[in-house]
1. If I filter region 35-71 down to residues being of a type in the set (Ser, Thr, Tyr) and open to solvent by less than 100 Å² (accessible area, probe 1.4 Å), which single residue comes out as farthest from Val145 (Cα to Cα)?
2. Here's a check for you: in region 143-165, which residue that is in contact with an Asp or Glu (Cβ under 7 Å, 6 or more places away or on another chain) and loosely packed, with under 15 Cβ neighbours inside 10 Å is farthest from Leu120 (Cα to Cα)?
3. Kindly provide the set of residues from region 72-106 that are surrounded by 10 or more Cβ atoms within 10 Å (Cβ to Cβ), of a type in the set (D, E, K, R) and part of a loop (DSSP other than H, G, I, E, B), ordered by number.
4. Just checking, does region 62-82 include any residue being at pLDDT 85 or above, out of contact with any Gly (no Cβ under 6 Å at 6 or more places or on another chain) and more than 27 Å from Leu121 (Cβ to Cβ)?
5. For region 121-172, what are the residues that are assigned to a helix (DSSP H, G or I) and over 23 Å from Lys104 (Cα atoms)?
6. Count, please, the residues in region 115-148 that happen to be within 13 Å of the chain's Cα centre (by Cα) and hydrophobic (A, V, I, L, M, F, W, C).
Amino acid sequence: MTDLLSVGSTMFSNVVTDLYTYFFEEIANRPDFTHLDIPPYLNQTVEITLVYPDETVAVGCIIPGMQAYIGISRYGMSVGLIDYSTKTTDAFGNYTVLERAFSKRMSVDLIVPNTNIDELLRLLTQYRAIPLVWIGSQDYGLTMVYGFFKDFDIVLSYPNHSVCSIQIEGLT
């Protein structure tokens, strides 16, 4: 069983440390979650139960599938949003905002053993037009993006490993 409630204290949410926070602080949910250690058995059944008493529970999507390890992500990855909303100004300086969808984007550098770079290029070529779940780090939900890779570069820098740069653009 996995708890999807926030377990860390941040400037936006508090961990329950006393009765005051238990009763008066807002509960922060984890919006993105992956579970990667489901054994790949034939005809397996996976049961997912969502419980949030007295509230409506919603799931954006559940994406089952195989996983591939493509390299070690380096520190310095960047994650952001692309906003498709429009903001227009009239002659008097009044704004009109039309809120639209947004998508995540991620840019990450990977360390890949040189023995794997040909297979990595083949794998990315095979899945270049198929949306995938890209996980920069399981420690941070914001580095989980469902979408396509936009750009990919390999720099053959060292005798044993190479540095790859990949940009992911998420779906809305």
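1. First pass over region 35-71, keeping only residues of a type in the set (Ser, Thr, Tyr): 41, 45, 49, 52, 56, 69.
Adding the requirement that they be open to solvent by less than 100 Å² (accessible area, probe 1.4 Å) leaves 49, 52.
Details: Thr49: 23, Tyr52: 25 Å.
It comes out as Tyr52.
2. Here the residue is Lys150.
3. Arg74, Glu99, Arg100
4. The answer is yes, given that some residue of region 62-82 is at pLDDT 85 or above, out of contact with any Gly (no Cβ under 6 Å at 6 or more places or on another chain) and more than 27 Å from Leu121 (Cβ to Cβ).
5. Of the residues in region 121-172, the ones assigned to a helix (DSSP H, G or I) are 121-126, 141-143.
Answer for region 121-172, where residues must be assigned to a helix (DSSP H, G or I) and over 23 Å from Lys104 (Cα atoms): Leu121, Arg122.
6. Start the filter on region 115-148 by keeping residues that are within 13 Å of the chain's Cα centre (by Cα), which leaves 131-148.
In the following step, the residues that additionally are hydrophobic (A, V, I, L, M, F, W, C) were identified as 132-135, 142, 144-145, 148.
Qualifying residue count for the region: 8.
The values are calculated or read from the model by the stated rules, or taken from the named source; none is laboratory data. Note that the coordinates shown come from a computational prediction; the quantities given were computed from them, not determined experimentally. With ideal geometry, Cβ positions are generated from the backbone for all residues, glycine too; neighbour counts draw on all protein chains shown. Only protein heavy atoms, including side chains, enter the accessible area calculation; ligands, DNA and RNA are left aside. Shrake-Rupley method; radii C 1.70, N 1.55, O 1.52, S 1.80 Å.
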